[in-house]
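Written below as structure tokens is the structure these notes are about.
Quick note: the coordinates plus some simple rules give every number you see, no bench work behind them. The model shown is predicted, which means the values in this text are computed figures rather than measured ones. Using ideal geometry, Cβ is built from the backbone for each residue, glycine included, and neighbour counts are taken over all protein chains shown.
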Amino acid sequence: MQPATTVSGRAYPWGAKNVDTDVIIPAHWLKTIARSGLGKGAFETVRAQEGNIFNDPRYAGAPILIAGDNFGCGSSREHAAWALADMGVKAVIAPSFSDIFSGNAFKNGIVAVVLPQDQVDRLLEVARDHPVTIDLETMTVTTPFQDRFVFELDAFRRQCLMEGLDEVGLTLARDTAISNYEAIADEHRPWISGGSRNASVVVEGAGRT
Amino acid sequence: MASRPLTLYEKIWAAHVVERREDGTCLIYIDRHLVHEVTSPQAFEGLRVAGRRVRRPNLTLAVPDHNLPTTARVDAAGRELPIADRESAAQLEALRHNVAEFEVPYIDALAAEQGIVHVVGPEQGFTLPGTTLVCGDSHTSAHGALGALAFGIGTSEVEHVLATQTLLLTQSRTMEVRVDGTLGFGVSPKDVILAIIGKIGASGGTGYVIEYTGEVIRKMSIEGRLTVANMSIEGGARAGLIAPDETTFAYLKGRPMAPKGADWDKAVAWWRTLPSDAGARYDRTVTLDASEIAPSLTWGTSPEDVVPITGSVPDPESFADPAKQAAARKSLDYMGLTPGMRMEDVGVQHVFIGSCTNSRIEDLRAAARVADGRHVADGVRALVVPGSGLVKRQAEAEGLDRIFTSAGFEWREPGCSMCLAMNPDKVPPGERCASTSNRNFVGRQGPGARTHLVSPAMAAAAAVTGRLSDVRTLMR
Ligand code: SF4
């Protein structure tokens with residue numbers, strides 16, 4: 001993950017509500033076994049419509065997307081975040097995000113900025129013709145005018161984004177804590193560790209639906 | 001002891017905290033991890049590139065489902081048939097290769113136990129009360145039916161769980177959804193969850209973990225509870241929980257991967273301590289009265305667009321919120337419907353009975369009761385896709401397959417099928433499908449496909465009448 005402290009530039013002033021991950025990247029693009037190249041399929045159904053924002057040359061390659069409520073709802077496919085990243089989007093601003101999407105976005109270096117609807121409306125207006133800046137240091141969204149909107153971001157996520165840290169590596173460094181937990185859990189709930197290997201024991205009731 | 005009364009969610013959470021960080025996020029231990037072919041290749045690739053291993057292969061179970069065609073998988077001589085779609089074949093092959101390399105327990109496409117991950121987990125006893133369970137699929141919420149804290153994760157998190165058996169999470173708020181009373185004639189668990197989503201909205205549960213309570217839920221079978229919990233995510237909630245009880249224990253006892261002997265007794269003793277304490281507080285409570293719930297279906301392209309079958313297509317102007325008005329106009333345009341049309345007058349060309357929401361034995365029984373002695377209407381194609389090989393076998397033992405096939409339904413091999421347009425089962429553009437699946441999004445069942453979410457009995461009713469129908473008029 002590339003470290004990033006600001007995302008600045010043009011923003012797609014879209015504003016659509018309930019944009020689900022099927023819209024961000026349709027299911028037929030999910031058959032890839034790689035992470036890159038999905039930008040081509042991003043918003044495919046939207047791009048097929050006349051006068052859509054994604055084919056508008058004014059916003060080509062914009063690093064920011066402004067959307068409505070509940071962005072990224074629906075399927076948990078991380079392909080949605082990969083597709084956005086592949087098309088060059090580094091931040092999405094919306095009044096709310098689906099929980100799964102905002103997690104996926106963050107893990108791919110995309111900032112999910114939550115702002116109240118009236119501030120999003122203002123940004124939609126400004127972004128039609130002007131750039132927008134997101135600053136992770138000050139946790140603000142600013143415009144070339146007087147706008148200065150403060151947002152919140154989980155401290156850990158902010159640090160990872162700003163330093164470009166790998167989350168798996170960070171957790172693996174906590175190996176001792178995880179092993180200690182496992183030892184205690186094994187004592188209290190010994191049936192957990194059998195897991196899927198339990199099935200090798202033939203029992204009555206196997207084959208039930 | 002004067003400790004604060006806790007909810008089921010809080011108890012499971014507390015039992016899985018490895019470490020609490022200063023900012024309040026917790027490293028949470030994951031007891032069970034289901035893996036399928038679509039969201040895992042990039043995760044295994046990540047492990048390979050970083051030279052990492054799967055920390056606890058035993059706590060993981062892999063099974064292919066999304067891409068598999070639901071037509072015959074072997075030829076007359078028992079040889080495996082190739083999969084025509086090259087990309088699907090590559091994904092399935094990648095899973096096979098990855099589970100071998102990382103020694104992850106695997107149910108092969110040809111095994112009798114193969115099926116949709118969310119059908120297989122409970123059926124094998126892999127899903128257990130009080131566990132944390134994840135899968136790279138949003139309908140993982142289904143497993144909450146057995147009292148597991150279960151939720152969908154993205155591929156980076158799949159990689160994180162494979163490598164560390166943990167996830168970094170923030171505690172959710174809790175929402176109680178209580179359904180009291182007794183369900184009316186012909187009303188199924190699918191109607192209950194559609195009514196709930198209609199009430200709270202598609203983003204009403206965002207940030208919450210739902211706990212379903214009340215008489216209706218208590219009386220429901222595990223199959224019915226799985227249908228309800230499955231669609232928690234359609235109401236925006238990442239997870240939906242139902243407290244484990246005698247119904248849960250009876251369902252799990254003796255299943256292949258469930259605990260045995262002394263472990264079983266110890267497990268049940270712990271599971272009995274899990275239900276929310278009297279006086280436990282939820283951040284929000286929503287109540288529904290069972291008598292208000294009718295056989296229901298969706299009219300639009302969001303699962304919150306719910307009406308009773310006796311209702312009509314709403315007028316977009318009737319919504320207070322201008323954004324909702326605009327969304328409704330777009331939905332109706334896509335769905336090819338006009339305001340005021342009676343739902344029962346809408347004709348269908350396709351019927352899909354299947355998916356992780358409604359492909360279990362009780363679902364097939366309910367559909368078969370309606371199909372029995374009737375015939376699929378002219379111009380309708382109807383598919384029945386069991387959720388797993390074991391469901392299929394059970395249904396065949398009960399003769400359900402013959403009821404379906406003599407009524408003109410197609411009887412298929414298990415998989416996700418027409419729930420999402422990833423395998424050959426698709427609804428063509430502009431055509432309409434009564435579907436027992438969970439998503440009516442634009443293009444979900446194929447580009448331009450129009451989906452109405454219904455219960456299995458309502459789907460069968462649509463198949464035999466050729467239009468969306470009130471199943472109660474067909475029930476004896
Ligand atoms: S049946 Fe549908 S919702 Fe369920 S896992 Fe498969 S694709 Fe997802």
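A few remarks follow.
- Formal net charge of residues neighbouring A:Asp135 (Cβ-Cβ distance under 12 Å; K, R +1; D, E -1): +1
- Rounded to 5, the percent of DSSP beta bridges in chain B classed as antiparallel: 25 percent
- Within the protein assembly as shown, percent of DSSP bridges classed antiparallel, to nearest 5: 30 percent
- Remark: spin-label model distance B:Asp315-A:Asp56 equals 3.3 nm, labels positioned 7 Å along the Cα→Cβ axis.
- Shielding by partners for peptide B:247-259, expressed as the average number of C-beta atoms from other protein chains within 10 Å of each residue's C-beta, is 4.
- Packing-based order for B:449-461, B:53-65, using average beta carbon neighbours within 10 Å, highest first: B:449-461, B:53-65
- Take every pair of alpha-carbon atoms less than 8 Å apart whose residues are at least six positions apart; their mean separation over the length of chain A yields a relative contact order of 23 percent.
- The gain in end-to-end length when the B:Arg79 to B:Gln325 segment is fully stretched comes to 83.1 nm, 0.36 nm per residue minus the alpha carbon separation.
- Estimated vicinal HN-Hα couplings, Hz - the stretch B:182-190 in sequence order (Karplus 6.51, -1.76, 1.60; Gly, Pro = x): 10, 5, x, 4, x, 9, 10, x, 4
- Among beta bridges identified by DSSP and lying wholly in the stretch A:6-164, the antiparallel ones come to about 45 percent.
- Net charge of Cβ neighbours under 10 Å - reference B:Leu27; Lys, Arg +1; Asp, Glu -1: +2
- For the stretch B:141-156, 3J(HN,Hα) per residue [Karplus equation, 6.51 cos²θ - 1.76 cosθ + 1.60, θ = phi - 60°, Hz, x = Gly/Pro]: 3, 3, 5, x, 4, 9, x, 9, 7, 10, 8, x, 9, x, 5, 4
- About the Cα centre, charge dipole magnitude for the stretch A:120-171 (Lys/Arg +1, Asp/Glu -1 at Cβ), debye: 120 debye
- Amide hydrogen proximity for B:Gly152: with H placed 1.01 Å from N in the peptide plane, the residues at 5 or more positions away or on another chain lying under 5 Å are B:Thr140, B:Ser141.
- Inter-chain shielding of B:197-210 (mean C-beta neighbours from other protein chains, 10 Å cut-off): 2
- Ranked by how many other beta carbons lie within 10 Å on average, peptides A:71-84, B:310-323 from highest: A:71-84, B:310-323
- Cα gyration tensor shape for the protein assembly as shown, rounded if a/c is under 1.5, else prolate or oblate: rounded
- Inter-chain neighbour count for B:65-71: the average number of beta-carbon atoms from partner chains within 10 Å of each residue's beta-carbon is 1.
- Sequence-distant residues sharing a close amide H with B:Ala62 (under 5 Å, placed H): B:Val35, B:Tyr106, B:Ile107
- Charge context of B:Asp345, other residues only, Cβ under 14 angstrom, K/R +1, D/E -1: +1
- Projected label distance in nm at B:Ser406 and B:Arg272, using a 7 Å step from Cα toward the beta-carbon: 4.8 nm
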